[in-house]
Amino acid sequence: MTVAWVFPGQGSQKIGMAKQIENLQNTKERFSYASEIFDRNLFEICELNSDPTNSLSDLNNTRNTQICLFLVESILLDELKNKGFSPNYVAGHSLGEITALYCADVFSFEDCVSLIKERSELMVNAGKGSMAAVIGFDRNQLDLFVNKIDDIVIANDNSSSQVVLSGSNEALDNISKEISCKRFLKLNVSGAFHSPFMNDPSAKFSEYLRKIKFNKPSCPVISNYEPSLCSDPDELKFRLENQMCNGVRWRETMDLMAKNSDLHIVEIGPSNVLSGLGKRHLKDVKFSQVSSSDQITY
């Protein structure tokens, strides 16, 4: 059986997700280290309901979401490795790609923390445009409107029945009036992520990445920018440099994984977002979820 470990990104965070792993070996040490780098109590942020008067204490603030998700995912995956589990290859959705690269030993935990601090600050400060989820649509119609309307792109091609669009607020309003779909939901985000609106922060992120050594991965990684199995560190760096201003091609990632006739997808993180997408998109694939200290097995 081929085993793929997958790691979700923003949108999969849950209040209480740190408490579910607090008794694992590395939890206290890792949250303490990252909290010092970020200058806030990240464990507490994972446990408290959001405070509208202080966005820095809000788990849903991009500055906090990305690092907290990485901490939870990295602790869980290392505990799986300690128990003798290992994947044939890995993939991550948006922020989850950094966890996938960590899982494949491309760079260290400390490098990831610093990298995520840089990435989240750049994304928060981009300040242009917004995003919207579209559920239950005709693909040909969607592609037609995206090509026709300026300042809008498919940011997350999640499955045959769900995408996330990025663009100007005006462009999102225009397409919402034209497209036939079950649901069109504006997202509470600070910018048009995974789109050309992110070209400037993406260029700054690329400069930062050039300072970080990418090691040869211990297993192949599927990237968002180019969904194919890759074991070349230079190519993985190139793909991550281009991730922020290009779409997450998760539908194609699932189709690639499904080419294995005997496939087991293990989602490692606080919720089952990717498993839900996979179960609706793929047939005859086994799914497992690892999200807490009492679930370190599959």
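Tell me the residue from Ser206, Ser218, Ser202 that is in contact with a helix residue (DSSP H, G or I) (Cβ under 6 Å, 6 or more places away or on another chain) and either in a loop (DSSP other than H, G, I, E, B) or among the polar types (S, T, N, Q) (or both), please. Give the derivation first.
On the way: Ser218 fails: in contact with a helix residue (DSSP H, G or I) (Cβ under 6 Å, 6 or more places away or on another chain); Ser202 fails: in contact with a helix residue (DSSP H, G or I) (Cβ under 6 Å, 6 or more places away or on another chain).
Being in contact with a helix residue (DSSP H, G or I) (Cβ under 6 Å, 6 or more places away or on another chain) and either in a loop (DSSP other than H, G, I, E, B) or among the polar types (S, T, N, Q) (or both) holds for just one of Ser206, Ser218, Ser202, which is Ser206.
Can you go through Asp58, Asp39, Asp111, Asp78 and tell me which one is in the same structural domain as Ile21 (by TED's automatic domain parsing), surrounded by fewer than 21 Cβ atoms within 10 Å (Cβ to Cβ) and at positive phi?
On the way: Asp58 fails: at positive phi; Asp111 fails: at positive phi; Asp78 fails: at positive phi.
Residue meeting the stated conditions: Asp39.
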Pairs returned, first residue in region 226-252 that is in contact (Cβ under 8 Å) with a residue 24 or more places away in the chain, second residue that is buried (at least 18 other Cβ atoms within 10 Å of the Cβ) and among the basic types (Lys, Arg), beta-carbon separation under 7 angstrom, 6 or more apart or interchain, are Pro227/Arg249
| Does Asp39 fit the bill of being more than 22 Å from the chain's Cα centre (by Cα) and closer than 27 Å to Gly191 by Cβ? | yes
Counting only residues that are at negative phi and part of a loop (DSSP other than H, G, I, E, B), region 2-36 contains a total of 14
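Kindly indicate which of Asn158, Asn147, Asn140 is of a type in the set (S, T, N, Q) and either within 28 Å of Ser292 (Cα to Cα) or in contact (Cβ under 8 Å) with a residue 40 or more places away in the chain (or both).
Details: Asn147 fails: either within 28 Å of Ser292 (Cα to Cα) or in contact (Cβ under 8 Å) with a residue 40 or more places away in the chain (or both); Asn140 fails: either within 28 Å of Ser292 (Cα to Cα) or in contact (Cβ under 8 Å) with a residue 40 or more places away in the chain (or both).
Result: Asn158 is the single residue among Asn158, Asn147, Asn140 that is of a type in the set (S, T, N, Q) and either within 28 Å of Ser292 (Cα to Cα) or in contact (Cβ under 8 Å) with a residue 40 or more places away in the chain (or both).
The rows are residues; the columns are (1) among the hydroxyl-bearing types (Ser, Thr, Tyr); (2) outside any helix (DSSP H, G or I).
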site	(1), (2)
Asp150	no, yes
Val153	no, yes
Leu165	no, yes
Ala171	no, no
Ser176	yes, no
Arg183	no, yes
Phe197	no, no
Ile212	no, yes
Asn246	no, yes
Of the residues in region 247-266, those that are more than 22 Å from Glu226 (Cβ to Cβ) and either modelled with pLDDT of 95 or more or surrounded by 17 or more Cβ atoms within 10 Å (Cβ to Cβ) (or both) come to His264, Val266
Only one of (1) over 17 Å from Gly9 (Cβ atoms); (2) touching a strand residue (DSSP E or B) at 6+ places or on another chain (Cβ under 7 Å); (3) buried (at least 18 other Cβ atoms within 10 Å of the Cβ) does not apply to Asn88, and that is (3)
(message) Just checking, does region 77-87 include any residue being over 24 Å from Met1 (Cα atoms) and not hydroxyl-bearing (Ser, Thr, Tyr)?
(response) no
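Just to be sure before I move on: is Met254 in the same structural domain as Phe7 (by TED's automatic domain parsing), on the phi < 0 side of the Ramachandran plot and in a helix (DSSP H, G or I) in the structure I sent? I'd like the intermediate steps shown before the answer.
Values: in the same structural domain as Phe7 (by TED's automatic domain parsing): yes; on the phi < 0 side of the Ramachandran plot: yes; in a helix (DSSP H, G or I): yes.
So Met254 fits the description; yes.
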Out of (1) in contact with a strand residue (DSSP E or B) (Cβ under 9 Å, 6 or more places away or on another chain); (2) among the charged types (D, E, K, R); (3) on the phi > 0 side of the Ramachandran plot, the one Asp105 does not meet is (1)
Asp105 fails exactly one of (1) closer than 19 Å to Pro220 by Cβ; (2) buried (at least 18 other Cβ atoms within 10 Å of the Cβ); (3) touching a Ser or Thr at 6+ places or on another chain (Cβ under 7 Å), namely (2)
Exercise. State whether the residues of region 229-251 include one that is of a type outside the set (Asp, Glu) and over 19 Å from the mean Cα position of the chain (by Cα).
Key: yes
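The values are calculated or read from the model by the stated rules, or taken from the named source; none is laboratory data. The structure displayed is predicted, hence computed values, not measured ones. Virtual Cβ from ideal backbone geometry, glycine too; neighbours counted across all protein chains shown.
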